[in-house]
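Undergrad: Before we start, here is the structure in question, set down as structure tokens.
The values are calculated or read from the model by the stated rules, or taken from the named source; none is laboratory data. Since this is a predicted model, take the numbers as computed values, not measurements. FYI the Cβ positions are ideal-geometry reconstructions off the backbone, even for glycines, and counts take in every protein chain you see. Accessible surface is based on the protein model in full, side chains and every heavy atom, while ligands, DNA and RNA are left aside. Shrake-Rupley method; radii C 1.70, N 1.55, O 1.52, S 1.80 Å.
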Amino acid sequence: MSTPEITAIRLSGEGEAAPGKDVLFVGAGLGTGVQALWAEAANELADRFQVIGWDLPGHGQSPAHNEPLAMADLANAVADLVKAQHAAGTIPAGAKVYYAGVSINGAVALQLGLDHGDLFDGIAVVCSAAKIGQTEAWQERATFVEAAGTPSMVAGSAEKWFAPGFIEQHAERTTRLLHTLQEADRFSYARLCEALGGFDVRERLGEITVPIVAVHGAEDGVCPPSDGEAIAAGVASGQAHVLENVAHQAPIEKPAETATILKEAFTA
């Protein structure tokens, strides 16, 4: 296993530390990009936070990575990124630091709570679970995508990602997110599938002491609200929220509502 290279992407602010603002790091799900997924929500959050995102390996602005990966490797990469932002002065002295991750990045969020909880004042697990899917299915998807390429996943993902009617009502947002999937590196995608196949922290939730907020979509068939309830009940300090008419991509489906939950959960 090896720590992948990832790139910090500022989603709000002008590039320097913002006095008086806390910092929220955000991550996107498998096949998506952080700018495409979080742009609208970041605008809603900008009055309260500097919002800094990162792309998964081989997605968006992050380099491809074709070495075996575990969720702990992704969490280590994020921890290194946060420490680098501290060293660069992007995070103001005394500012609180939070994290919000969607789908596979919700798994990263839980891993951060286990391995690097001291770096964060609060963590949000969005449209995710302590175990997502089955190991065999992830291995099958990895093998398929490595051979067929990520464009082969576009049609199926469009069906799972969005609540009924969203694609018709928000064609630009939908196209933007699905374009990231089409352009993602097939080998990196496969390695991330394998990482998901090996991820299961259901029995370790009680070790997480940093406050956790779980945010789930009522229409999510991948990670239903019951997954969020299990996380909130399992950690030392947890709460769960459900967004109506949302499936698996809450920040793009309901950006204002997602931002409101995060602001209320991450109170100064």
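Undergrad: Those residues that are modelled with pLDDT of 75 or more, in a loop (DSSP other than H, G, I, E, B) and open to solvent by 20 Å² or more (accessible area, probe 1.4 Å), I need them from the range 1-26; list them, please.
TA: So the first thing to find is which residues in the range 1-26 are modelled with pLDDT of 75 or more, and the list is 2-12, 21-26.
Okay, now just the ones that are also in a loop (DSSP other than H, G, I, E, B), so 2-7, 11-12, 21.
Across the range 1-26, the qualifying residues are 2, 3, 5, 6, 7, 11, 21.
Undergrad: Select, from 82, 51, the only residue that is β-branched (Val, Ile, Thr), outside any loop (DSSP other than H, G, I, E, B) and crowded, with 24+ Cβ neighbours inside 10 Å.
TA: Just a single option satisfies the conditions, and that option is 51.
Undergrad: Of all residues being open to solvent by 60 Å² or more (accessible area, probe 1.4 Å) and in contact with a helix residue (DSSP H, G or I) (Cβ under 6 Å, 6 or more places away or on another chain) in the range 147-186, which is nearest to residue 248 (Cα to Cα)? Just the residue, please.
TA: Per the stated criteria, the residue is 167.
Undergrad: Tell me which residues, restricted to the range 206-227, are among the aliphatic types (A, V, I, L, M) and exposed (fewer than 15 other Cβ atoms within 10 Å of the Cβ).
TA: 218
Undergrad: I would also like to ask the following. Run residue 230 past the list (1) open to solvent by less than 10 Å² (accessible area, probe 1.4 Å); (2) in contact with a Lys or Arg (Cβ under 8 Å, 6 or more places away or on another chain); (3) of a type in the set (Gly, Ala, Ser) and report the number of the one that doesn't hold.
TA: Unmet for residue 230, out of (1) open to solvent by less than 10 Å² (accessible area, probe 1.4 Å); (2) in contact with a Lys or Arg (Cβ under 8 Å, 6 or more places away or on another chain); (3) of a type in the set (Gly, Ala, Ser): (1).
Undergrad: Residues of the range 241-268 being among the hydrophobic types (A, V, I, L, M, F, W, C), open to solvent by 10 Å² or more (accessible area, probe 1.4 Å) and within 17 Å of residue 34 (Cα to Cα), which ones?
TA: 256
Undergrad: Residue 70: closer than 21 Å to residue 119 by Cβ and either modelled with pLDDT of 95 or more or hydrophobic (A, V, I, L, M, F, W, C) (or both), yes or no?
TA: So residue 70 fits the description; yes.
Undergrad: Also: Being open to solvent by 10 Å² or more (accessible area, probe 1.4 Å) and either part of a strand (DSSP E or B) or closer than 23 Å to residue 237 by Cα (or both) is the filter here; which residues of the range 85-112 pass it?
TA: Correct list: 94, 95, 96, 103, 111.
Undergrad: Do any helices (runs of 4 or more DSSP H) entirely within the range 160-253 hold 1 or more residues that are among the acidic types (Asp, Glu) and closer than 25 Å to residue 145 by Cα, and if so, which? If you could, list the steps in order and put the result at the bottom.
TA: Working: elements: 166-169, 171-183, 186-197, 225-234, 250-253.
In the range 160-253, the matching helices (runs of 4 or more DSSP H) lie at 171-183, 186-197.
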